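Engineer: My structure is below; once you've seen it, I'll send some questions.
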Amino acid sequence: MINNLNILLPEIFLTLSIFSILMIGVFIKNSFNLIFNLSSAIIFLTVVIILNTSNNLEKIFLESFTRDAFSNFFKILILISSLFVLNSSKNYIVDKKLTKFEYPIIILISILGMFFMVSSNDIILFYLGLELQSLSLYILASIDRDNLKSSESGIKYFVLSALSSGLLLYGCSLLYGFTGSTNFDLIANELGKENTGAVFAMVFILVGLAFKVSAVPFHMWTPDVYEGAPTSITSYFAVVPKVAGLAVLIKFMLIPFSKILMEWQTIIIFISIASMILGAVAAIGQKNIKRLLAYSSIGHIGYALAGVATGVISGYESSIVYISIYVVMNLGAFSCLYLLKKDGEYKENISDLSGISKKHPILAISFLVILFSLAGIPPLGGFFAKFYVFTAVVEQQMYALAIIGLLTTVISAFYYLKIIKTIYFDDSVISFDNTKNKFAQLSIFISCSILLTFFLYPSVLSNVVDTLFLN
Amino acid sequence: MDFPILSTLIFLPLVSSLFIFISRGQKNNNSAIYISLFSSLATFILSLFVWYSMDYTSADFQFLEEQSWINDFIKFKLGIDGISILFIVLTTLITPICIISCINSVKDRVKEFLIAILILETFMIGVFCSLDLVVFYLFFEAGLIPMFLIIGVWGGPRRVYSAFKFFLFTLLGSVLMLVAIIAIYWITGTTDVTQIYEIKIPKEYQNLLWLAFFSSFAVKTPMWPVHTWLPDAHVEAPTAGSVILAAILLKMAGYGFLRFSLPMFPLASEFFTPLIFTLSIIAIIYTSLVALMQEDMKKLIAYSSVAHMGYVTLGIFTFTKQGIEGSIFQMISHGLISAALFLCVGVVYDRLHSRMISTYGGLVNYLPKYSFLFIVFALAGLGLPGTSGFLGEFLVLTGTFQKNYLVAMLATFGVVLGAAYMLWLTKRVIFGVTKNDQIKNLKDVNKSEMIMLGILAVLVIFFGFYPVPLMETLNVSVDNLINNYETAVQIESLN
């Protein structure tokens with residue numbers, strides 16, 4: 001059987017480009033700028049390639065690799081968010097002297113890993129993609145190797161993540177043992193019958209995935225890694241792997257585990273509620289913005305999982321809408337951090353934001369929009385994200401989940417308000433350098449405009465997401 | 001109507017706030033003040049035009065606008081009837097007055113303040129225009145953002161505490177309403193209010209849904225025991241913030257009861273009437289007593305607002321024509337009177353920077369015009385016949401007597417208490433001996449203060465003698481509301 005390699009075109013292009021720019025990096029000295037720009041161009045070209053491919057369902061390599069609307073949507077989301085993360089953090093990377101040419105290349109490799117994750121239709125391919133991604137992320141976390149905190153966060157992430165990968169792999173092998181197949185579709189058929197062993201496997205796989213999206217109780221690494229890693233990496237961590245992780249989670253629920261809904265639903269509901277509560281409560285005492293955003297992202301993953309917990313297509317769609325708006329909000333929030341520069345040093349504490357509304361009114365109002373949106377206050381984009389999720393949850397008559405979820409939004413509103421209070425109500429202490437970081441400003445502008453105008457056409461995003469599950 | 005007049009009304013202030021945002025001239029805020037004053041007056045005139053051109057003889061919703069919005073199932077639907085137009089006109093009237101008031105009282109970051117006020121106006125008009133639950137929720141909640149900033153940025157010393165309390169109390173009440181709205185969508189298949197009126201929500205769901213809506217409206221009204229955010233918010237908010245809060249934001253809840261709780265859940269409304277009566281009576285008597293003890297003028301007026309809103313909820317849940325018309329009238333009149341009283345406090349606060357009653361005394365000797373206006377509003381606040389304050393309370397009490405003598409008697413007792421705290425306040429502030437030497441050097445009301453207080457005084461007295469324009473507008477819509485309620489209850493009793 002001859003496979004149509006066109007289907008694999010984005011991945012092939014990405015791989016070959018990675019190899020070529022790696023060679024350029026090796027042979028040309030001080031090539032960070034060149035490699036950086038090339039990487040951005042590669043990401044952009046890959047988006048173009050994906051946009052030109054068809055969205056029809058195709059499965060190749062013994063049905064282990066799928067290309068459909070679902071995988072294409074997530075690939076584009078991953079690429080665009082990486083593009084913004086990479087470019088808005090460029091000044092930061094230069095200032096922090098992280099200008100190693102490997103930096104953008106490793107990011108590209110992790111993107112490649114995620115591509116295989118979201119496209120996989122086979123446990124083995126899924127695991128390989130996941131590991132390719134994880135290994136790149138370990139390096140990225142500790143890329144500032146002279147910094148104790150960064151190295152510490154890398155080690156921490158590596159140890160815990162390796163453990164979770166181990167559990168995941170154990171789950172995968174159990175699943176193979178009990179169903180006799182590694183293919184998602186075949187596993188799904190097999191699980192239609194009574195199969196207690198496979199439920200064990202499902203639990204292990206869920207644990208592994210919950211770790212990757214940093215859902216409670218497997219979230220312990222998140223605050224430390226977020227705080228320790230350089231901000232440019234943290235913003236990558238906060239956005240891109242979460243998207244891929246959620247995509248894979250949805251895919252597992254959608255295909256292999258679709259027939260054991262009862263079994264996994266309870267677990268996801270628990271994880272979702274725990275994440276929402278912890279994300280809301282633990283963030284209150286934080287003083288470091290990055291740590292606070294870590295807890296806030298745990299809470300947001302809880303809301304996205306609430307959509308998954310419904311176990312129906314409309315619920316999955318609401319999760320995807322949620323994660324997309326989450327990406328927009330977080331890109332904006334982290335881009336704001338790149339502008340908090342004082343005498344060449346980047347400030348990370350909430351107290352440093354004190355009274356910036358007087359000297360930096362535009363930055364302050366961007367923070368305001370993004371934080372109120374994170375808190376889910378209408379008419380900003382974050383409200384619609386929550387609205388879609390809770391509409392799906394209430395449709396399945398999971399009232400308890402909806403009420404707990406909405407009550408935690410009130411608690412989490414408290415710490416977002418605390419930051420706004422620092423920005424607007426407190427006296428001005430620091431005035432930041434007038435940084436010329438065009439791309440960060442651009443991404444703040446884009447993020448705020450999307451959040452502010454989302455209420456005019458809220459169905460644009462959900463109409464796109466509706467088409468993902470047609471096949 | 002092809003021209004989307006309600007959308008224009010809603011988004012006009014928002015668009016003009018954008019103009020202020022991009023307007024130059026940091027040192028001199030005149031351009032910002034002129035733009036905002038001009039646009040808010042334009043909004044006011046437009047709303048008067050809508051009032052003039054609507055048909056009061058029909059209970060149907062008018063000036064309907066419909067846009068497909070969230071996917072296919074939720075429409076952005078706007079429309080008004082005789083009840084909502086009054087609140088819209090109240091909103092558009094109070095906003096320019098607030099903008100005039102901030103010429104004297106806001107010194108810092110004027111531009112941002114005006115932007116916040118105009119954005120808030122957009123959301124407030126939106127609340128009263130929306131005919132879809134989700135649209136209503138959107139505007140209802142969105143108002144929190146500008147109000148939070150108004151209290152927090154331009155407020156007094158305890159502004160942070162008050163702003164947080166205001167925001168979190170209201171948000172906590174509202175999220176339950178959001179669950180209820182989504183639940184209504186899955187029960188009836190729509191969030192369009194007019195369609196829900198037709199469909200009639202099954203009885204078994206009504207009580208829970210009513211409670212969820214109640215949790216939001218009770219906080220916003222505010223009803224005892226969740227009223228504690230209001231005195232704090234009022235005391236710390238700048239004058240214009242207090243005015244908007246008392247005159248309009250509190251009315252959203254009363255309007256919500258009329259527009260949503262009563263027609264959508266008639267059986268539950270009947271079932272929970274004793275609860276509302278009890279809470280209203282506690283609000284009227286207890287908070288009046290609390291108001292007597294206050295030493296801070298703003299706090300006193302804030303507690304009197306809680307008591308006055310007690311009459312409103314009492315009137316709505318009598319389900320009689322007098323009661324409901326009375327409570328709507330009371331809301332409008334309280335909107336004018338409490339706004340005026342807060343402005344009066346603002347006038348002296350701008351001069352002496354104290355809200356304590358003990359600071360003042362004997363103002364009548366030095367500020368005669370001010371004292372005259374203050375007395376007019378204080379008398380209106382206690383419900384003196386000939387002012388609009390009287391008619392609302394009188395109608396509510398008439399309605400209540402038809403339903404329950406005991407409740408009506410207790411509520412009437414509240415009128416006496418209202419007179420007590422208002423007259424005592426007047427006595428201590430306006431009359432008496434001047435102990436404070438600074439008062440002797442105070443200037444009487446200036447031109448802009450005279451304009452805003454004068455307009456309100458004229459309206460308060462005008463509606464006191466001639467309430468016909470308001471009543472005529474309300475009449476048919478209220479009849480329709482009561483008819484629908486009675487039919488629903490009768491059908492239930494037949495089953």
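The values are calculated or read from the model by the stated rules, or taken from the named source; none is laboratory data. Everything numeric in this text was worked out from a predicted model, so none of it was measured. All Cβ positions, glycine included, derive from the backbone under ideal geometry; neighbour counts span all protein chains shown. Heavy atoms of the whole protein, side chains included, go into the accessibility calculation; ligands, DNA and RNA do not. Shrake-Rupley method; radii C 1.70, N 1.55, O 1.52, S 1.80 Å.
Engineer: Looking at A:Ile50, is it under 22 Å from the mean Cα position of the chain (by Cα) and under 21 Å from A:Asn91 (Cα atoms)?
Structural biologist: Considered against the rule, which asks whether it is under 22 Å from the mean Cα position of the chain (by Cα) and under 21 Å from A:Asn91 (Cα atoms), A:Ile50 comes out as no.
Engineer: Can you pull out the helices (runs of 4 or more DSSP H) entirely within the stretch B:181-293 that have at least 3 residues that are farther than 27 Å from B:Ile100 by Cβ and open to solvent by 10 Å² or more (accessible area, probe 1.4 Å)? Break it down into steps so the answer makes sense when it comes.
Structural biologist: Working: elements: B:193-199, B:203-220, B:229-236, B:239-244, B:250-256, B:266-271, B:273-292.
Qualifying helices (runs of 4 or more DSSP H): B:193-199, B:203-220, B:266-271, B:273-292.
Engineer: Given B:Gly152, B:Gly156, B:Gly143, which one is open to solvent by 10 Å² or more (accessible area, probe 1.4 Å) and closer than 26 Å to A:Ile419 by Cβ?
Structural biologist: Within the list B:Gly152, B:Gly156, B:Gly143, the selection yields B:Gly156.
Engineer: Tell me the residue from A:Thr453, A:Thr409, A:Thr422 that is within 8 Å of chain B (Cβ to nearest Cβ), more than 19 Å from B:Thr191 (Cβ to Cβ) and hydroxyl-bearing (Ser, Thr, Tyr), please. Spell out how you get there, then give the answer.
Structural biologist: On the way: A:Thr453 fails: within 8 Å of chain B (Cβ to nearest Cβ); A:Thr422 fails: within 8 Å of chain B (Cβ to nearest Cβ).
Criteria check complete, one pass: A:Thr409.
Engineer: If you check A:Ile362 against the conditions, is it of a type in the set (A, V, I, L, M), surrounded by fewer than 17 Cβ atoms within 10 Å (Cβ to Cβ), within 13 Å of chain B (Cβ to nearest Cβ) and on the phi < 0 side of the Ramachandran plot?
Structural biologist: Taking the combined requirement at face value, the residue satisfies it.
Engineer: Moving on to the next point. A:Gly376: within 20 Å of the chain's Cα centre (by Cα) and at the interface with another protein chain (Cβ under 10 Å from one of its Cβ atoms), yes or no? Break it down stepwise before answering.
Structural biologist: Working: within 20 Å of the chain's Cα centre (by Cα): yes; at the interface with another protein chain (Cβ under 10 Å from one of its Cβ atoms): yes.
Here the answer is yes, as A:Gly376 does meet what is asked.
Engineer: Report, by residue number, each residue of the stretch A:355-400 that is in a loop (DSSP other than H, G, I, E, B) and touching a residue at least 12 places away in the same chain (Cβ under 8 Å).
Structural biologist: The answer is A:Gly355, A:His360, A:Gly376, A:Ile377, A:Pro378, A:Pro379, A:Leu380, A:Gln396, A:Met398.
Engineer: Additional query: Only one of (1) crowded, with 19+ Cβ neighbours inside 10 Å; (2) out of contact with any Asp or Glu (no Cβ under 8 Å at 6 or more places or on another chain); (3) not β-branched (Val, Ile, Thr) fails for A:Arg67. Which number is that?
Structural biologist: (2)
Engineer: Being facing chain B (nearest Cβ under 10 Å) and open to solvent by less than 10 Å² (accessible area, probe 1.4 Å) is the filter here, so list the residues in the stretch A:392-406 that pass it.
Structural biologist: Start the filter on the stretch A:392-406 by keeping residues that are facing chain B (nearest Cβ under 10 Å), which leaves A:392-397, A:399, A:402-403, A:405-406.
Across the stretch A:392-406, the qualifying residues are A:Ala392, A:Val393, A:Val394, A:Ala402, A:Gly405, A:Leu406.
Engineer: Sticking with this one: Limited to the stretch B:54-88, what total is found for residues that are within 11 Å of another protein chain (Cβ to nearest Cβ) and modelled with pLDDT of 90 or more?
Structural biologist: Summing the residues that are within 11 Å of another protein chain (Cβ to nearest Cβ) and modelled with pLDDT of 90 or more in the stretch B:54-88 gives 0.
Engineer: In addition: Under the condition of being under 16 Å from the mean Cα position of the chain (by Cα) and within 16 Å of B:Leu275 (Cβ to Cβ), which residue from the stretch B:315-326 is surrounded by the most Cβ atoms within 10 Å (Cβ to Cβ)?
Structural biologist: Among those that are under 16 Å from the mean Cα position of the chain (by Cα) and within 16 Å of B:Leu275 (Cβ to Cβ), it is B:Gly315.
Engineer: Any residue that is surrounded by fewer than 18 Cβ atoms within 10 Å (Cβ to Cβ) and either without any contact (Cβ under 8 Å) to a residue 24 or more places away in the chain or not in a helix (DSSP H, G or I) (or both) - is there at least one of those in the stretch B:386-399?
Structural biologist: Yes, the conditions are met somewhere in the stretch B:386-399.
Engineer: Shifting gears a bit: For the stretch B:128-141, does any single residue satisfy the condition of being closer than 25 Å to B:Ala340 by Cβ, part of a helix (DSSP H, G or I) and not acidic (Asp, Glu)? Steps first, please.
Structural biologist: Residues of the stretch B:128-141 closer than 25 Å to B:Ala340 by Cβ: B:128.
Next cut, part of a helix (DSSP H, G or I) only: B:128.
Remaining after also requiring not acidic (Asp, Glu): B:128.
Checked against the condition, which is being closer than 25 Å to B:Ala340 by Cβ, part of a helix (DSSP H, G or I) and not acidic (Asp, Glu), the stretch B:128-141 yields at least one hit.
Engineer: Can I ask one more? What number of residues in the stretch B:142-165 are within 8 Å of chain A (Cβ to nearest Cβ) and either within 17 Å of A:Pro379 (Cα to Cα) or assigned to a loop (DSSP other than H, G, I, E, B) (or both)?
Structural biologist: 5
Engineer: Just need a number here: residues in the stretch A:156-171 that are over 18 Å from A:Val213 (Cα atoms) and not aromatic (Phe, Trp, Tyr). Break it down into steps so the answer makes sense when it comes.
Structural biologist: Initial filter on the stretch A:156-171 (over 18 Å from A:Val213 (Cα atoms)): A:170.
With not aromatic (Phe, Trp, Tyr) added as a condition, the list becomes none.
Number of matching residues: 0.
Engineer: Within the stretch B:111-132, which residues are among the hydrophobic types (A, V, I, L, M, F, W, C), in contact (Cβ under 8 Å) with a residue 60 or more places away in the chain and either closer than 21 Å to B:Ile328 by Cβ or open to solvent by 10 Å² or more (accessible area, probe 1.4 Å) (or both)? Steps first, please.
Structural biologist: If we filter the stretch B:111-132 for residues that are among the hydrophobic types (A, V, I, L, M, F, W, C), which is where we start, we get B:113-120, B:123-125, B:127-129, B:131.
Imposing the further condition that a residue be in contact (Cβ under 8 Å) with a residue 60 or more places away in the chain reduces the set to B:113-115, B:117-120, B:124-125, B:127-129, B:131.
Residues satisfying the conditions are B:Ile115, B:Ile119, B:Met124, B:Ile125, B:Val127, B:Phe128, B:Cys129, B:Leu131.
Engineer: What residue, of B:Leu168, B:Leu178, is at the interface with chain A (Cβ under 10 Å from one of its Cβ atoms) and closer than 22 Å to B:Leu230 by Cα?
Structural biologist: Result: B:Leu168 is the single residue among B:Leu168, B:Leu178 that is at the interface with chain A (Cβ under 10 Å from one of its Cβ atoms) and closer than 22 Å to B:Leu230 by Cα.
Engineer: Please give the number of the condition A:Asn434 fails out of (1) away from chain B (no Cβ under 11 Å); (2) more than 21 Å from the chain's Cα centre (by Cα); (3) under 30 Å from A:Asn37 (Cα atoms); (4) part of a helix (DSSP H, G or I).
Structural biologist: That leaves (4) as the condition not met.
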